[in-house]
Amino acid sequence: MKPSALLHLPLRYKPWQGRNLRLVFQDLAGPARQPEHDHRTHLRGAIDWLCRAQDVRNGKSDAGGVAAGWSFEDGWLPGYPETTGYIIETFIAAAQYLDRPELVQRAHRMIDWELSLQATDGAFPGHFGEPGSHPVIFNQGQIMHGLVAGHASLGRDDCLEAGVRAGRWLVAQQDSDGCYRRFEHNGVPHVYNTRALWALAAVGVVAGEADFIAATRRNLDWALTQQTPSGWFATNAFVPGRHPFTHTIAYAIRGFLEVAVLLGEERYLAAAEKAARGLMVRQRGDGWLAGTYDDGWTPSADYACVTGVAQMALCWLRLAQITGDKTYRDAAWKAIAYVKRTQRLEDDDGVVRGAIPGSAPIWGAYSRFEFPNWAAKFFADALMMDMANVAVPPVPAGAKGKGQ
């Protein structure tokens, strides 16, 4: 988007207000220009911001959850069950690498809130969990990631019990060809559900649920039919007929590679590598990736989906761990450096300090004018994964593939 197009954006974004105007002017001068520091400094900034995002919900009905983020339009958003689910594993890891045991207690509070939302049939609500919100396949899986972490790392049996109930609901919604067509975002199938099926497979491995493993294979086999010769995935955008964000591309890749590790399925790893290499070829020297890509990895946006850049750093780091190929790590380092340059660590404003924008510049089409909590989560995960050369989250015992 050209800067002049800012004049035509809906007034609901309130770009003239003080903080908003300051952020717009900073990116008009050039996005991703912040100084780079060591990993630990950036990690502390991201985790501190996520703590503030949790604290703003104190005293409210969603206390314990992490605010979905902060936006020009609405300020701090409600607690988000989907992303709070996978932030649980981030806080457990950060408690160790930052020597901050209080983060474990925060993770327990997230789990308690999530468990309070589960319906008797095992489903969790979609969106912000407000009355009348319907379950969503992808969201269900992300909450299950938190339940796996709660059981594996914190020893909570209630998490495994809830995870099994959630998994049974997930299996029940699957069509015979492995695709999900019910309880889907915007009512259409998505390849990026592979990241939800990663959680189903993890619960299946831990709890010995063979039907969870079978359902995972069915879905990923369907997803393989959507991969083109270039490695790009069709049916992977939020809305039909549009090019997928780097965010959803990375979701799909991570699901494939982690299920490959859990089940020992080389064909899923091959699919992940094919896509990851396609994006690696398109990565700029400064780490930038386009916000969206067409088949053949043709960039179709002039902004960066910063969230997706952080996620691709994770995918490349995991592939480096699994395959030993250093080129993946080199790509990850460039991606991490780019995201570092979007994080304002010296800002006096607690809303801004440590946050990661959805897009750079901040008016890019992905999470426009927002600091989504999942951007900070994925950045924190990438920093810890690179610092310690470990998988974040850890691979459950019983996995059959490489990369454990």
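The values are calculated or read from the model by the stated rules, or taken from the named source; none is laboratory data. On a predicted model such as this, the values are computed, not experimentally measured, just so you know. Please note: Cβ atoms are built from the backbone with ideal geometry, for glycine as well, and neighbour counts cover all protein chains shown.
With the structure loaded, tell me whether residue 331 is in contact with a helix residue (DSSP H, G or I) (Cβ under 7 Å, 6 or more places away or on another chain), within 26 Å of residue 205 (Cα to Cα), of a type outside the set (Ser, Thr, Tyr) and assigned to a helix (DSSP H, G or I) or whether it fails that test.
no
How about the range 117-126: which of its residues are touching a residue at least 40 places away in the same chain (Cβ under 8 Å) and either out of contact with any helix residue (DSSP H, G or I) (no Cβ under 7 Å at 6 or more places or on another chain) or acidic (Asp, Glu) (or both)?
121
Tell me, which residue of the range 275-284 that is within 20 Å of the chain's Cα centre (by Cα) and either closer than 14 Å to residue 335 by Cα or basic (Lys, Arg) (or both) is surrounded by the fewest Cβ atoms within 10 Å (Cβ to Cβ)?
The residue in question is 277.
What number of residues in the range 57-79 are surrounded by 20 or more Cβ atoms within 10 Å (Cβ to Cβ) and either without any contact (Cβ under 8 Å) to a residue 40 or more places away in the chain or under 19 Å from residue 98 (Cβ atoms) (or both)?
Selection size over the range 57-79: 2.
Considering the range 214-236 alone, what residues qualify as being among the aliphatic types (A, V, I, L, M) and within 19 Å of residue 270 (Cα to Cα)?
220, 223, 224, 234
For residue 356, all conditions in the list (1) outside any helix (DSSP H, G or I); (2) over 13 Å from the mean Cα position of the chain (by Cα); (3) at pLDDT 95 or above hold save one; what is the number of the exception?
In the conditions (1) outside any helix (DSSP H, G or I); (2) over 13 Å from the mean Cα position of the chain (by Cα); (3) at pLDDT 95 or above, residue 356 misses (2) alone.
I'm trying to understand the selection: among the residues of the range 258-286, which are of a type outside the set (Gly, Ala, Ser), outside any loop (DSSP other than H, G, I, E, B) and farther than 26 Å from residue 360 by Cβ?
258, 259, 261, 262, 263, 266, 267, 268, 269, 273, 274
If you scan the range 12-52, which residues turn out to be under 20 Å from residue 360 (Cβ atoms) and among the acidic types (Asp, Glu)?
Once the filter is applied, which keeps residues that are under 20 Å from residue 360 (Cβ atoms) and among the acidic types (Asp, Glu), the range 12-52 yields 27, 36.
Hey, among the residues in the range 210-262 that are hydroxyl-bearing (Ser, Thr, Tyr) and crowded, with 23+ Cβ neighbours inside 10 Å, which one's farthest from the chain's Cα centre (by Cα)?
This residue is 216.
Examine the range 88-99 for a residue that is under 13 Å from residue 54 (Cα atoms) and in contact (Cβ under 8 Å) with a residue 24 or more places away in the chain, and state whether such a residue exists.
Looking for residues that are under 13 Å from residue 54 (Cα atoms) and in contact (Cβ under 8 Å) with a residue 24 or more places away in the chain, one finds at least one in the range 88-99, hence yes.
Just for the range 9-35: of the residues that are loosely packed, with under 14 Cβ neighbours inside 10 Å and under 26 Å from the mean Cα position of the chain (by Cα), which one is nearest to residue 345 (Cα to Cα)?
35
When the range 32-60 is examined, which residues are found to be basic (Lys, Arg) and under 14 Å from residue 87 (Cβ atoms)?
Result: 52, 57.
Only one residue in 290, 270, 301 is within 21 Å of residue 31 (Cβ to Cβ), surrounded by fewer than 22 Cβ atoms within 10 Å (Cβ to Cβ) and either touching a Lys or Arg at 6+ places or on another chain (Cβ under 8 Å) or of a type in the set (A, V, I, L, M) (or both). Which one?
Every option except 301 fails the conditions.
With respect to the numbered conditions (1) over 30 Å from residue 207 (Cβ atoms); (2) in a helix (DSSP H, G or I), which one is the sole condition not fulfilled by residue 252?
It is condition (1) that residue 252 fails.
Given the conditions (1) surrounded by fewer than 24 Cβ atoms within 10 Å (Cβ to Cβ); (2) within 16 Å of residue 245 (Cα to Cα), which single one is not true for residue 310?
For residue 310, the exception is condition (1).
Residue 314 versus (1) hydrophobic (A, V, I, L, M, F, W, C); (2) over 16 Å from the mean Cα position of the chain (by Cα); (3) under 14 Å from residue 287 (Cα atoms): which is the lone unmet condition?
Only one criterion is unmet by residue 314, namely (2).
Please specify each residue of the range 43-88 satisfying the condition of being among the aliphatic types (A, V, I, L, M), within 20 Å of residue 166 (Cβ to Cβ) and in a loop (DSSP other than H, G, I, E, B).
Matches in the range 43-88: 66 only.
For the range 91-187, please list each of the helices (runs of 4 or more DSSP H) lying entirely inside it that holds at least 3 residues being more than 21 Å from the chain's Cα centre (by Cα) and either surrounded by 15 or more Cβ atoms within 10 Å (Cβ to Cβ) or at positive phi (or both).
157-172
Taking interchain pairs and intrachain pairs at least six residues apart, which have beta carbon atoms under 8 angstrom, with the first residue in the range 200-222 and within 12 Å of residue 170 (Cβ to Cβ) and the second of a type in the set (Phe, Trp, Tyr) and buried (at least 19 other Cβ atoms within 10 Å of the Cβ)?
200/212; 201/212; 203/212; 204/212; 216/198; 219/180
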